[in-house]
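The values are calculated or read from the model by the stated rules, or taken from the named source; none is laboratory data. Predicted, not measured: the structure shown is a model, and the values here were computed from it. FYI the Cβ positions are ideal-geometry reconstructions off the backbone, even for glycines, and counts take in every protein chain you see. What goes into the accessible areas is simple: the full protein's heavy atoms, side chains included, and nothing from ligands, DNA or RNA. Shrake-Rupley method; radii C 1.70, N 1.55, O 1.52, S 1.80 Å.
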Amino acid sequence: MYNQMMKTESIPFPDLETERLRLRRLTSADAPGLYALYASEPVTRFTLLDTLTTPEQAHEELARQDELYARGAGLRWGIFSQEMDGLLGTCGFHHWNHRDQRAEISYDLATQFWGQGIMREALEVILRFGFLDLGLHRVEALVDPQDLRSQNLLYGLDFMFEGVLHGHTLIKGAFHDDMVFALLAPPNAPA
């Protein structure tokens, strides 16, 4: 169905909405909000991204996300409230394997919005888009064993825990274990 690499024009990148949230592609105008998000150590603690120390690094991250999309390797949305301005967090797909119809999901959220169900709401809409519109068969998530919030979020979204990859990911100079979670497309999703 899919080639290993696809042209950007063939990959949809729509705005998505929920009752409380708007998800859209980030632009250079969002760099200050992205900097504020990624300058927070609790937000970046379990990610490959170093905590940002300069606003220029936010522009570099936006360029990296654009390049990921241009290569057909992923999509990352900014998460915004329907009622107020400002970036709440981001979420999206990366390590997108078109041939095997699978991708990895990742996400982050400003600490003042933790525990409000925002990320669950955002992930529900991108998972639906991934399965129904992108034709994904499998979505994976790699989670640090210490990241209990992510584990609880994924269990709540019906992801299955599949095992631990020991010493799997080099994060901030140290190797970390990754818990593997996966969710398969619902039976009514297009193949």
Practice item. Would you please list the contacts, defined by Cβ atoms under 7 Å and residues six or more apart or on different chains, that run from a residue in the stretch 93-120 that is of a type in the set (K, R) to a residue that is open to solvent by 40 Å² or more (accessible area, probe 1.4 Å) and modelled with pLDDT under 95? Key: R99/Y2; R99/Q4
Study note, to complete from the structure: Checked pairs for the stretch 133-154, first small (G, A, S), second part of a loop (DSSP other than H, G, I, E, B) and open to solvent by 60 Å² or more (accessible area, probe 1.4 Å), C-beta under 9 Å and 6 or more apart or across chains, list as G135/M1; G135/P190; G135/A191; S150/F46
Point to revise | Which numbered condition E17 fails, given (1) modelled with pLDDT of 95 or more; (2) within 23 Å of D133 (Cα to Cα); (3) out of contact with any strand residue (DSSP E or B) (no Cβ under 6 Å at 6 or more places or on another chain); (4) surrounded by 14 or more Cβ atoms within 10 Å (Cβ to Cβ) | key: (4)
**Study point:** Residues (aromatic (F, W, Y) and either open to solvent by 60 Å² or more (accessible area, probe 1.4 Å) or under 14 Å from the mean Cα position of the chain (by Cα) (or both)) located in the stretch 40-80
**Key:** F46, Y69, W77
Practice item. All but one of (1) at pLDDT below 95; (2) open to solvent by 20 Å² or more (accessible area, probe 1.4 Å); (3) within 19 Å of L48 (Cβ to Cβ) hold for D147, so report the exception by its number. Key: (1)
Study note, to complete from the structure: The one condition L132 fails out of (1) under 24 Å from L49 (Cβ atoms); (2) open to solvent by 60 Å² or more (accessible area, probe 1.4 Å); (3) not basic (K, R) is (1)
**Study point:** Top-ranked residue of the stretch 165-186 - restricted to ones that are open to solvent by less than 60 Å² (accessible area, probe 1.4 Å) and either acidic (D, E) or free of Cβ contacts under 8 Å to residues at least 24 places away in the same chain (or both), ranked as farthest from Q101 (Cα to Cα)
**Key:** A174
Review point. Is it true that some residue in the stretch 82-94 is part of a helix (DSSP H, G or I) and aromatic (F, W, Y)?
Key: no
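Kindly evaluate A141 against the criterion of being of a type in the set (A, V, I, L, M, F, W, C), closer than 28 Å to F175 by Cα and surrounded by 14 or more Cβ atoms within 10 Å (Cβ to Cβ).
On the way: of a type in the set (A, V, I, L, M, F, W, C): yes; closer than 28 Å to F175 by Cα: yes; surrounded by 14 or more Cβ atoms within 10 Å (Cβ to Cβ): yes.
Taking the combined requirement at face value, the residue satisfies it.
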Practice item. Determine the pairs where a residue that is over 30 Å from H98 (Cα atoms) and of a type in the set (D, E, K, R), located within the stretch 50-70, has a partner that is open to solvent by 50 Å² or more (accessible area, probe 1.4 Å) and at pLDDT 95 or above with Cβ atoms under 9 Å apart, the partner being 6 or more residues away or on another chain. Key: E56/Y35
